[in-house]
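The values are calculated or read from the model by the stated rules, or taken from the named source; none is laboratory data. Keep in mind the model is a prediction, meaning the values are calculated, not measured. Virtual Cβ from ideal backbone geometry, glycine too; neighbours counted across all protein chains shown. Surface areas here come from the heavy atoms of the whole protein model, side chains and all, with no ligands, DNA or RNA. Shrake-Rupley method; radii C 1.70, N 1.55, O 1.52, S 1.80 Å.
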Amino acid sequence: VQLQAYGGGVVQAGGSLRLSCAASGSIFSIGYMGWFRQAPGKQREFAASIAIGGSTYYVDSVKGRFTISRDAAKNTLYLEMNSLKPEDTAVYYCVASSSGSTRFDNWGQGTLVTVSS
């Protein structure tokens, strides 16, 4: 599975941004999809994920502000980010697990989101 994330950029605090991730290759083998992020000088952390059935999971710090969704017809994952804060500044990585697994063993390249205060 190949994952291509895009949509990062610079936005002011309080603004919005939408990240996209196009999946290709063995699409049929994908289970969960999600987003991790890594802020400057910090460890990579889980941000959000979505199951095939549509169940979503978020880290507490983004609940109510971020929305993850997936379009199966377009093989694309999205992360709608609203009310952005400077602490959301990070490289965001698109991830996917194999069907039947919760382990994210497929990673795309990151896309940088910078939130200015």
**Message:** Exactly one of these conditions fails for SER69: (1) within 14 Å of ALA48 (Cβ to Cβ); (2) in contact (Cβ under 8 Å) with a residue 60 or more places away in the chain. Give me its number.
**Reply:** (2)
**Message:** Give me the residue from the stretch 94-105 that is open to solvent by less than 40 Å² (accessible area, probe 1.4 Å) and hydroxyl-bearing (Ser, Thr, Tyr) and, out of that set, nearest to GLN43 (Cα to Cα).
**Reply:** SER97
**Complete:** Checked the stretch 25-65 for anything touching an Asp or Glu at 6+ places or on another chain (Cβ under 9 Å), open to solvent by 20 Å² or more (accessible area, probe 1.4 Å) and not basic (Lys, Arg); matches are PHE36, GLN38, ALA39, VAL59, SER61
**Asked** Here are TYR58, TYR78: which of them is in contact (Cβ under 8 Å) with a residue 40 or more places away in the chain, closer than 18 Å to TYR32 by Cα and aromatic (Phe, Trp, Tyr)?
**Response** TYR78
**Request:** State whether one or more residues within the stretch 69-84 are within 22 Å of SER117 (Cβ to Cβ), open to solvent by less than 10 Å² (accessible area, probe 1.4 Å) and assigned to a strand (DSSP E or B).
**Result:** yes
**Message:** Of the residues SER24, SER98, SER29, SER20, only one is under 15 Å from GLN109 (Cα atoms) and at pLDDT below 95; which?
**Reply:** SER24
